[in-house]
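Step one of this worksheet: look at the structure below.
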Amino acid sequence: MTQIEIVRGDITQLAVDAIVNAANETLLGGGGVDGAIHRAAGPGLLEECRSLPEVRPGVRCPTGEARITGGYGLPARLIIHTVGPVWRGGTHGEPECLAACYRSSLRLAVENDLRSIAFPAISCGVYGYPIDRASSIALETTAAFLREDRSMERVLLVAFSAAMEEALHAAHREIAASDD
């Protein structure tokens, strides 16, 4: 089975088939990892994002779904944009929406014959998702997907901080213990 790798670093520097962007519904850039990806990719990314059809006014990618664009100035060939949920206490469908982000992104990668993908900590920045809960969902959802579809060769979960890295490792240990 594909191993899930946990790394700490700058997702915009990774040479993988696709990096995942924790975007907002407009796909026109924002703060955090979204802004960093747009800055590193260059103006072609914004131009392509503007050309994606809106599903309703101002929304090119609803929460839990994913869209794909070129990578432009990034070492990654492509960018998969997904919109995570804003944390509102966990009782408004946030866990299901966050899991959908990982499944939608992985499905889109497989549909495009990609073999390597790197995920940021979706919804853990300004959207306020607790990192321990988000880490568990990221690992559980990704591991479940990889058990069903073995075409991915490399899946990286990229931590932006020591706390995020430790939360991912803790969730990984929990999943490994439950698989025994």
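Values as computed for the structure displayed
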quantity: Selected residue (criterion: nearest to the chain's Cα centre (by Cα)) from residues of the stretch 129-151 that are outside any helix (DSSP H, G or I) and surrounded by fewer than 21 Cβ atoms within 10 Å (Cβ to Cβ); calculated: 130
quantity: Selected residue (criterion: farthest from residue 150 (Cα to Cα)) from residues of the stretch 80-118 that are of a type in the set (Ser, Thr, Tyr) and either under 9 Å from the mean Cα position of the chain (by Cα) or modelled with pLDDT under 95 (or both); calculated: 82
quantity: Residues within the stretch 81-95 that are without any contact (Cβ under 8 Å) to a residue 24 or more places away in the chain and of a type in the set (D, E, K, R), tallied; calculated: 1
quantity: Leading residue by the ranking (surrounded by the fewest Cβ atoms within 10 Å (Cβ to Cβ)) among those in the stretch 65-83 that are more than 18 Å from residue 13 (Cα to Cα) and touching a Gly at 6+ places or on another chain (Cβ under 8 Å); calculated: 82
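The values are calculated or read from the model by the stated rules, or taken from the named source; none is laboratory data. Note that the coordinates shown come from a computational prediction; the quantities given were computed from them, not determined experimentally. Reconstructed Cβ throughout: ideal geometry from the backbone, glycine too, with neighbour counts over all protein chains shown.
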